[in-house]
Amino acid sequence: MAERILVAYATRYGSTAEVAEAIGDELQKVGAEVDVRPVDEIQDLSPYRAAVIGSPIYMGKWLPEPQVFIEKNQQSLRTIPVAYFSVGLTVTDRSPEILRNAEASMDAVRLLVNPVEVGIFPGKLENSGLSFTDRTIIKMIRAKTGDFRDWGAVRAWAQAVYRKIAAA
Ligand SMILES: Cc1cc2nc3c(=O)[nH]c(=O)nc-3n(C[C@H](O)[C@H](O)[C@H](O)COP(=O)(O)O)c2cc1C
C-alpha cells in the first residue's frame, strides 16, 4: 500500500512554498514520509496515501495550476484523504466574513474533491520583487505589506491533518 504523503503547492513569490515546506516538515516529524513539490512537477499519484494541496489567493481565487491539477487527477484524489490550504493577506483579520471570503477561494476545488480538512493561513507580501502588474494592484488597493505567516498555526494544522489521515 502507498505510504507517502504528498504536499503539493503553487506559488508566485515563494511564501506558499515555504508554508508547504513547514507542513511537510511537521508531517515528517510526526512520522510520515513526505514529498513537498510544486503541483506542476507531479506526474504520478500512485505513491501517495494522502495529499495536501495549497495555493496563495490572488484576487479572491486560487492560482490556476492547483485547480487544473485537481481537476485532472480528481479520480485518483477521490480515493485518498485530501486536505486543502490557502495562503492570503486578508486573513490576518480573522473575522468570520473575511474567513468566509477566503474559504470561497476553495469552492471550485471542493466541488471536485471533498477535503478531509481545510486551512487558511496569513501570507507574506513584499513590494520588492513584485511584477509590475501586481505592484500596481497592490498600490491601488493600498494593501499592507509584511510577513504575517504564523508558523505555529501552520504546524498545528499539519498535525491535525495527520490525525485525520491516520484515521481515514
Ligand atoms: C496582486 C495581488 C493580489 C492579491 N489578492 C489577494 C486576495 O484576494 N486575498 C488575499 O487574502 N490575499 C491576496 N494577496 C496576497 C497574497 O495571497 C499573499 O501575498 C501570499 O502570501 C502570496 O503567496 P506567494 O508568495 O506564494 O505567491 C494578493 C497579492 C497580490 C500581489
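The values are calculated or read from the model by the stated rules, or taken from the named source; none is laboratory data. These numbers come from a predicted model, not from an experiment. All Cβ positions, even for glycine, are placed from backbone atoms using ideal geometry, and neighbour counts span all protein chains on display. For accessibility, only protein heavy atoms count, side chains too; no ligands or nucleic acids. Shrake-Rupley method; radii C 1.70, N 1.55, O 1.52, S 1.80 Å.
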For residue 43, only one of the following conditions fails: (1) away from the ligand (no atom under 14 Å from the Cβ); (2) at pLDDT 95 or above; (3) not charged (D, E, K, R). What is its number?
(2)
Taking region 77-109 and keeping residues in a helix (DSSP H, G or I) and free of Cβ contacts under 8 Å to residues at least 24 places away in the same chain leaves 96, 97, 98, 99, 100, 103, 107
Kindly indicate whether residue 142 is modelled with pLDDT under 95 and surrounded by 13 or more Cβ atoms within 10 Å (Cβ to Cβ).
no
Check whether at least one residue in region 2-24 is over 20 Å from residue 120 (Cα atoms) and within 16 Å of the ligand (Cβ to nearest atom), and report yes or no.
no
Those residues of region 145-161 that are open to solvent by less than 60 Å² (accessible area, probe 1.4 Å) and more than 9 Å from the ligand (Cβ to nearest atom) come to a total of 9
Per-region count, region 95-134, residues open to solvent by 60 Å² or more (accessible area, probe 1.4 Å), of a type in the set (D, E, K, R) and under 17 Å from residue 147 (Cβ atoms):
2
